[in-house]
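To keep things clear, I will list the structure first and then write my remarks on it.
The values are calculated or read from the model by the stated rules, or taken from the named source; none is laboratory data. Quick caveat: nothing in here was measured; it's all calculated off a predicted structure. Heads up, the Cβs are rebuilt from the backbone with ideal geometry, glycines too, and the neighbour counts pull from every protein chain shown. Note: accessible area is taken over every heavy atom of the protein model, side chains too, but ligands, DNA and RNA are not part of it. Shrake-Rupley method; radii C 1.70, N 1.55, O 1.52, S 1.80 Å.
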Amino acid sequence: MLLGLHRPGATPARRGVREYARDPEHPFASWFATYADPAFEDATRTAIAYAGAAASSSGADTAERMRRAFTTSSAHERAFFAAPMEPHRLA
């Protein structure tokens, strides 16, 4: 698995997205539908393949920078999706 990238698939989180996408009352149903669409999964697989090929043909320093960028961007995305679940704090 190049760059430590995980493949999209039927993880519990993905199943949750699909459930929310089918709920017409959920305010973000259309947004979740994008993530639940098989075409989105295909595009993600393609992007992973491109990134993996680029990492394979690059030097060790570049591949490490790519891995760090992916890890950082994944952490930001995880925080973005988790934010609505956390209590809002006024500071």
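Restricted to the stretch 49-75, and to residues that are of a type in the set (A, V, I, L, M) and open to solvent by less than 40 Å² (accessible area, probe 1.4 Å), which residue is nearest to THR34 (Cα to Cα)?
Filtering the stretch 49-75 for residues that are of a type in the set (A, V, I, L, M) and open to solvent by less than 40 Å² (accessible area, probe 1.4 Å), the one nearest to THR34 (Cα to Cα) comes out as ALA51.
Could you grab me the full set of residues in the stretch 35-52 that are touching a residue at least 12 places away in the same chain (Cβ under 8 Å) and over 19 Å from PHE70 (Cα atoms)?
Residue satisfying the conditions is ALA36 alone.
Open to solvent by 40 Å² or more (accessible area, probe 1.4 Å), out of contact with any helix residue (DSSP H, G or I) (no Cβ under 8 Å at 6 or more places or on another chain) and among the aromatic types (Phe, Trp, Tyr) - does that describe any residue in the stretch 36-48?
Scanning the stretch 36-48 turns up no residue that is open to solvent by 40 Å² or more (accessible area, probe 1.4 Å), out of contact with any helix residue (DSSP H, G or I) (no Cβ under 8 Å at 6 or more places or on another chain) and among the aromatic types (Phe, Trp, Tyr).
Output yes when any residue across the stretch 76-84 is open to solvent by 60 Å² or more (accessible area, probe 1.4 Å), modelled with pLDDT of 85 or more and part of a helix (DSSP H, G or I), and no when none is.
Yes: the stretch 76-84 contains one or more residues that are open to solvent by 60 Å² or more (accessible area, probe 1.4 Å), modelled with pLDDT of 85 or more and part of a helix (DSSP H, G or I).
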